[in-house]
1. Kindly provide the set of residues from segment 162-191 that are in contact with a strand residue (DSSP E or B) (Cβ under 6 Å, 6 or more places away or on another chain) and in contact (Cβ under 8 Å) with a residue 24 or more places away in the chain, ordered by number.
2. Looking only at residues that are in a loop (DSSP other than H, G, I, E, B) and within 16 Å of the ligand (Cβ to nearest atom) in segment 36-61, which one is farthest from R87 (Cα to Cα)?
3. Which of the residues that make up segment 111-138 are aliphatic (A, V, I, L, M) and either more than 16 Å from the ligand (Cβ to nearest atom) or without any contact (Cβ under 8 Å) to a residue 24 or more places away in the chain (or both)?
4. Going through A237, A214, A246 one at a time, which residue ends up being within 16 Å of the ligand (Cβ to nearest atom), hydrophobic (A, V, I, L, M, F, W, C) and within 22 Å of the chain's Cα centre (by Cα)?
5. Looking at (1) open to solvent by 20 Å² or more (accessible area, probe 1.4 Å); (2) touching a strand residue (DSSP E or B) at 6+ places or on another chain (Cβ under 7 Å), can you tell me which one A110 breaks?
6. Which numbered condition in (1) within 16 Å of the ligand (Cβ to nearest atom); (2) within 25 Å of T290 (Cα to Cα); (3) surrounded by fewer than 20 Cβ atoms within 10 Å (Cβ to Cβ) is the only one that V83 fails?
7. Restricting the search to segment 192-210, which residues are open to solvent by 60 Å² or more (accessible area, probe 1.4 Å) and either in contact (Cβ under 8 Å) with a residue 40 or more places away in the chain or not in a strand (DSSP E or B) (or both)?
Amino acid sequence: MSRVVVTGRVPQPALEALTATHEVDLWDAEDPIPREELLRRVAGADALVTLLTEQVDGELLDAAGEQLRVVANVAVGYNNVDVAACRERGVVVTNTPGVLTEATADIAFALILMATRRLGEGERIVRSGAPWQWGMFFLLGSGLQGKRLGIIGMGGIGQATARRARAFGMEVGYHSRSACDPEVEAELAATRLELDELLASSDVVSVHCPYSEATHHLIGEPQLAAMKDTAYLVNSARGPIVDEAALARALREGTIAGAGLDVFEQEPQVHPELMQLENVVLLPHLGSATVETRTAMAQLAADNALAVLAGEEPPTPVRG
Ligand code: GLV
């Protein structure tokens with residue numbers, strides 16, 4: 001029987017799968033586990049099932065000890081895990097790709113609709129109790145039909161967002177490290193573009209790439225300046241890919257028309273200037289937040305941890 005530390009609440013089936021064969025130490029609280037508590041609890045763990053709110057770094061790995069074999073992150077993004085530090089210690093890292101693709105693309109598209117149709121503003125007006133009236137020019141937004149969606153990062157979530165865009169009559173351009181399969185490009189009628197071309201020609205830009213040093217502030221002042229002043233920026237990937245101070249300036253000065261964010265640079269804090277602006281939609285990191293998706297993510301993380309503990313290849317290891 002191995003010792004598995006689960007750093008936060010996860011859906012019951014995943015927990016049951018782990019407790020069936022292992023000793024599980026669960027941080028059973030709504031709030032993220034305090035760092036000191038985490039460092040104490042991981043001592044002697046053979047597996048860590050981690051949430052994206054925990055930093056898995058050399059200090060934590062050393063606190064766990066040499067018997068640690070796997071870090072199973074319950075997220076597709078694993079920028080909270082120091083993969084090199086894990087590798088140096090022979091610890092396998094896994095993530096949860098695939099199972100959250102559709103839910104996250106739904107949120108990206110929800111942000112696109114909310115930003116372009118000014119839905120947050122509308123909701124705030126109704127809830128404020130202020131008088132309002134249907135009017136020919138009341139809260140006019142921007143239509144999507146015939147417009148171009150520029151996708152940055154054309155992995156599974158980028159492609160799923162592109163599929164939704166096609167259903168809304170949009171044209172799709174994308175910028176990605178590698179080209180999509182020709183069949184996918186054909187299905188989505190998607191054109192691969194350089195980043196500057198994509199920024200200059202898109203009516204909506206949606207960010208779907210992973211966060212790393214290479215993508216830190218990938219969208220900053222020059223990139224926002226390159227966008228059309230009628231365009232919208234949406235980020236459902238990771239906060240620090242977008243320079244929030246530069247975005248707030250661009251939104252205030254009309255460099256771009258609007259934005260939608262599900263992720264933030266200093267989560268859960270939001271840049272104070274963004275909070276003052278009407279033309280940005282702010283969601284509290286809900287990309288994968290459906291019962292079905294969270295259940296599947298936790299199950300996949302449990303399967304990954306169980307496979308490594310059994311000496312088998314995990315279903316979704318992080319490579320590279
Ligand atoms: C959520 O943000 C994830 O990376 O799974």
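1. Residues satisfying the conditions are A162, A165, M170, E171, V172, G173, Y174, H175, L188, A190.
2. The extreme case among them is T53.
3. Answer for segment 111-138, where residues must be aliphatic (A, V, I, L, M) and either more than 16 Å from the ligand (Cβ to nearest atom) or without any contact (Cβ under 8 Å) to a residue 24 or more places away in the chain (or both): I112, L113, M114, A115, L119, I125, V126, A130, M136.
4. After ruling out the rest, the residue left standing is A237.
5. The failed condition is (2).
6. The one condition V83 does not meet is (2).
7. Across segment 192-210, the qualifying residues are E194, D196, E197, P210.
Condition check ((1) away from the ligand (no atom under 11 Å from the Cβ); (2) open to solvent by less than 70 Å² (accessible area, probe 1.4 Å)) across all residues:
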residue: V281; (1), (2): yes, yes
residue: G287; (1), (2): no, yes
residue: D303; (1), (2): yes, yes
residue: L306; (1), (2): yes, yes
residue: L309; (1), (2): yes, yes
residue: P315; (1), (2): yes, no
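The values are calculated or read from the model by the stated rules, or taken from the named source; none is laboratory data. Note that this is a predicted model, so its numbers are computed, not measured. In this analysis, Cβ positions are derived from the backbone assuming ideal geometry, glycine residues included, and neighbour counts consider all displayed protein chains. Protein only, heavy atoms only, side chains kept; ligands, DNA and RNA dropped before computing areas. Shrake-Rupley method; radii C 1.70, N 1.55, O 1.52, S 1.80 Å.
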